[in-house]
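Single-structure report; data block below.
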Amino acid sequence: MRGVMFKGNRLAEVLEFPDPQAGPGEAVVKIRASGICGSDLHWYRASEPTDMITGHEACGVIQELGPGAAPGL
C-alpha cells in the first residue's frame, strides 16, 4: 500500500508500506480516496518528520474482515 508521510519543513513523500492484515475484531479498508485538511497542516509545517501515515477523511471499501469482526460491518 502507499501512504503519505510528512518529512518536515513542508515536504511530503508518497511511500510504500506492507499491506495491513485484519486482526481479531478488525477490518481492512481499501482506501479509494483520502483528504488532508487544515488539521493536518501543523504536521506538514513542522520541522521534524511525522512517524505516521497522514491524512484522514478516507473513503473506501471493506477488503477483509478479521475473526470476530461484526458481520454487518
Anything in the range 27-50 that is touching a strand residue (DSSP E or B) at 6+ places or on another chain (Cβ under 8 Å) and among the charged types (D, E, K, R)? List them, or say none. K30, R32, D40, E48
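With the condition kept exactly as written, say whether any residue in the range 34-51 is under 25 Å from A70 (Cβ atoms), open to solvent by 80 Å² or more (accessible area, probe 1.4 Å), in contact (Cβ under 8 Å) with a residue 24 or more places away in the chain and outside any loop (DSSP other than H, G, I, E, B).
Taking the range 34-51 first, the residues under 25 Å from A70 (Cβ atoms) are 34.
Now drop any that are not open to solvent by 80 Å² or more (accessible area, probe 1.4 Å), which leaves none.
Looking through the range 34-51, none of the residues is under 25 Å from A70 (Cβ atoms), open to solvent by 80 Å² or more (accessible area, probe 1.4 Å), in contact (Cβ under 8 Å) with a residue 24 or more places away in the chain and outside any loop (DSSP other than H, G, I, E, B).
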For residues that are modelled with pLDDT under 95, not aliphatic (A, V, I, L, M) and not in a strand (DSSP E or B), scanning just the range 52-67, find the one that is nearest to C37 (Cα to Cα). G55
Which members of the range 8-17 meet the condition of being open to solvent by less than 90 Å² (accessible area, probe 1.4 Å) and part of a strand (DSSP E or B)? G8, A12, E13, L15
Matching entry among I31, I53, I36 (being of a type in the set (A, V, I, L, M, F, W, C) and in contact with a Cys (Cβ under 9 Å, 6 or more places away or on another chain)): I31
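Which ones in the range 18-33 are open to solvent by 60 Å² or more (accessible area, probe 1.4 Å) and under 14 Å from the mean Cα position of the chain (by Cα)? Quick ask: steps written out before the conclusion?
Step one: list which residues in the range 18-33 are open to solvent by 60 Å² or more (accessible area, probe 1.4 Å), which gives 18-21, 24, 26, 29-32.
Listed by number, the residues that qualify are P18, D19, P20, Q21, V29, K30, I31, R32.
The values are calculated or read from the model by the stated rules, or taken from the named source; none is laboratory data. What you see is a predicted model, and the numbers here were worked out from it, not measured in a lab. Cβ coordinates were reconstructed from backbone atoms using ideal geometry, including for glycine residues, and neighbour counts include every protein chain displayed. These area figures cover heavy atoms from the full protein model, side chains too; ligands, DNA and RNA do not enter into them. Shrake-Rupley method; radii C 1.70, N 1.55, O 1.52, S 1.80 Å.
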